[in-house]
Amino acid sequence: MSKEQAEQDSTASDENSINQTDKKTDPPTEEASLQQPPAAEMLIDELKQELAVAEQKAQDYWEKALRVQADMENMKRRAQKDLEDTHKFALTGFAKELLPVIDSLELGLQAATGDSEEVLKFREGSELTLKQFTAALTKFNVEIINPLGQPFNAEQHQAMVMQEVKDAAPNTVINVFQKGYMLNGRLLRPAMVIVAKAPAQPEKSPPKQDAAQPSSTSAAENKQENGGKA
């Protein structure tokens, strides 16, 4: 092979390689571009999906934060109420222990009858002591329940007996065995009472038949008997 022929073969191979490179770097045709979406649109779709997921997570976290805040507010209110109740009803046990003492003083005054000097002095001392006890209880918001003549209240009264009384309205307290007490609106002890009830109405007896006028049935039977005998 001559030198000129070798140079021609080398030049031909270089041209073939350049043509192949140009074919590889040619831009895609319109059909290929229509079949495959542009990279920018795919990126926008992915970003939209990620944004939707992020928004949903943010909404979930916001709802959780609201629930936690509501729970904290409820706990705060309950704690505040418990603290207030503790202050209000701290004397509940002490007040209940004083009630039998007051009952004894009242029973002693009821039993102290007579006009002797000793009885009068006893009544005066007992009344003064009872007055001081009542003032001390009132100072600490202890209320006395004495419902004589008032309608019966099942939340504050305990009915011991029900009696028929003509001059009293039904369901009215006509006597108080033992007074009741309340502390800051909470019942310490119900009042034991007697409640009036409506008098029972007498049962109506059936009308009596006149003995001189026999019934129609008996008259018919007598007529049949007389006819048979004839």
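Every read-out reported here was derived from the displayed coordinates using simple, explicitly stated rules and does not represent laboratory data. Just so we're clear, the structure is a prediction, and the values are computed from it rather than from any experiment. Using ideal geometry, Cβ is built from the backbone for each residue, glycine included, and neighbour counts are taken over all protein chains shown.
The table below gives the values:
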item	result
Stretch gain in nm, segment MET42-GLU118, where the contour uses 0.36 nm per residue and the Cα spacing is subtracted	16.3 nm
Gyration tensor verdict on the range 40-88 (Cα atoms; rounded if a/c is under 1.5, prolate if a/b is larger than b/c, oblate otherwise)	prolate
Under 5 Å, built H, 5+ apart or other chain: amide partners of GLN158	ALA191, MET192, VAL193
Placed amide H near LEU188: partners under 5 Å, 5+ positions off or other chain	TYR181, MET182, LEU183
Peptides ranked, highest mean first, by Cβ atoms within 10 Å: ranges 179-192, 52-65	179-192, 52-65
Sites MET75 and LEU187 - FRET efficiency at Förster radius 22 Å, r taken between beta-carbons, to 0.05	0.20
Per-residue HN-Hα couplings for the range 167-181 [Karplus 6.51, -1.76, 1.60; θ = phi - 60°; Hz; x = Gly/Pro]	8, 10, 6, x, 6, 10, 6, 10, 7, 10, 5, 8, 6, x, 9
Under 14 Å, Cβ to Cβ, from ALA196 - net charge with Lys/Arg +1 and Asp/Glu -1	0
Distance violations [Cα-Cα > 28 Å] among LYS121/LYS179; LYS88/LYS131; LYS81/LYS131	LYS81/LYS131
Amide H within-cut-off set for VAL165, under 5 Å, with H built and near neighbours excluded	LYS197
Within-15-Å neighbourhood charge of VAL173 [Cβ basis; K, R +1; D, E -1]	-1
Alpha carbon centroid spacing (whole Å) that separates the range 43-65 from the range 103-159	73
Full-extension gain in nm, LEU66 to HIS87, via 0.36 nm per residue minus C-alpha separation	4.4 nm
Global form of the range 92-197, assessed from the alpha-carbon gyration tensor, a/c cut-off 1.5	oblate
